[in-house]
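The values are calculated or read from the model by the stated rules, or taken from the named source; none is laboratory data. Here the structure is a predicted model, which is why all the values come from computation and not from measurement. Every residue, glycine among them, receives a Cβ derived from its backbone with ideal geometry; neighbour counts consider all protein chains shown. What goes into the accessible areas is simple: the full protein's heavy atoms, side chains included, and nothing from ligands, DNA or RNA. Shrake-Rupley method; radii C 1.70, N 1.55, O 1.52, S 1.80 Å.
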Amino acid sequence: MAKPFAYSLMAERNDAIDRLDIQFRWGGYGFRVLRCHLTSFSPGKIVRFHKHSEYEFHFIPRGKGTVVLEESVYPLHEGLFYLTGPNVIHQQEADAREAMDELCLHIDIVPIKETDQEGNWGDPWERHEAEACIRALDTLPMKPHVDQYNAMAWFLTAYRAWNEGQPGAFSTIKQAIIQILLRSARMSAIPNVTFEPPSRNINEHRFRIATQFIHDNYAQPLTLQEVAERIPISARQLQRVFREQGEDSFTAYLENYRLSQICSAIVEGSRPIEQIALEHGFASSNYLYYVFKKRFNMTPKQFRKQHAGAGAEAAPFVAAAQGRR
């Protein structure tokens, strides 16, 4: 009894992904999927010599035949893969007595010139991987290879994302295409150069996490220990991180941030000072008056009167409250 054909589902609508006009960016390249489908060659069928300006990936999930690449003839059978293009002259032929199926991916790959602004958000690790993948594909020996990394299975992943109406179908199809490229590129003979991604300044990273947590939760009671557990490091380590990043201490940073938010609230609205104090993490308005008088040499009410209707003019006080240098 013949085993079920794993890709029979794709025969129901073999041009489904072709119609989607899938385009995406990966690293420093733009990709446009022209075809991504299952096609069948009846016994003895010949596709005469031709070439494509785009990359054309061929995977054989069933059957047998031959392919002529430039001037060399190679036998084809289930589990093989070969790449034609750009501009590789080739001819395909199914066996005289046995049909041959092919999973075919035609894709345009275009280098993208990156602007400075885009570069700030670009991931150098991803750029390296995309560059290494295209370089490997361009040096892939012109002959059939065993699909040892199971790239062809990703055709079915892409098709099912569309066919089942999966949430995030575009992202799934995009990732499936990238996997086909990456797994095909691994058959190249060029050495795989390990990329060392840029390492973080770990204390700067910890400081960013800690201060973001403070900004999100400053109106609640916060302790050094509680914030340290979010990272996670010890309270003593976190205190050192704050000092290393130019802050006097965790407590000073928290109080300065609360004061900066209070300054803005006092200038921008007319709510009672007592209410503003409670909303911004001070246990009482009396303590706020004490801190405000000590920091700015005036009371919150005097600050409001002095800066009423002039939020921009209060900026120096807000900056001072944040402890900016």
Determine the dipole magnitude for the chain: charges of +1 sit on the beta-carbon of Lys and Arg, -1 on that of Asp and Glu, nothing else is charged, the reference point is the Cα centre, and the result goes in debye to the nearest 20.
1240
Identify, among 239, 263, 252, the residue whose Cα sits farthest towards the positive end of the charge dipole of the range 230-287, taking +1 on the Cβ of Lys and Arg and -1 on the Cβ of Asp and Glu, with the dipole about the Cα centre.
239
Where the accessible area of the chain is counted over protein heavy atoms with a 1.4 Å probe, how much of it, in %, is carbon and sulfur?
49
Which three numbers, in whole Å and largest first, are the semi-axes of the equivalent ellipsoid of the range 1-134 derived from its Cα gyration tensor as √(5λ)?
33, 18, 13
With the 1.4 Å probe rolled over protein heavy atoms, the chain has an accessible area per residue in Å² of 56
Total lysine pairs whose alpha carbons fall under 28 Å of each other in the chain (8 or more apart, or interchain)
14
In whole Å, largest first, the alpha carbons of the chain cover along the principal axes 96, 41, 39
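Tell me, rounded to the nearest percent, the portion of alpha carbon pairs in the range 258-313 spaced more than 19 Å apart.
Numbers: 235 of 1540 pairs.
Everything past 19 Å amounts to 15 percent.
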Compute the acute angle (0 to 90°) between the alpha-carbon long axis of helix 202-217 and the principal axis of greatest extent of the alpha-carbon atoms of the chain; round to the nearest 10°.
60
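Which value in deg cm²/dmol, rounded to the nearest 500, describes the helix-derived mean residue ellipticity at 222 nm for the chain, given -39,500 (n - 2.57) per DSSP H run of n ≥ 4 and division by the residue count?
The helix contribution divided over the chain gives -12500 deg cm²/dmol.
Round to the nearest 0.05 the FRET efficiency obtained for residue 73 and residue 32 when R0 = 30 Å and r is the Cβ-Cβ distance. Please report the intermediate quantities before stating the final value.
Numbers: r = 32 Å, r/R0 = 1.05.
Once rounded, the FRET efficiency stands at 0.40.
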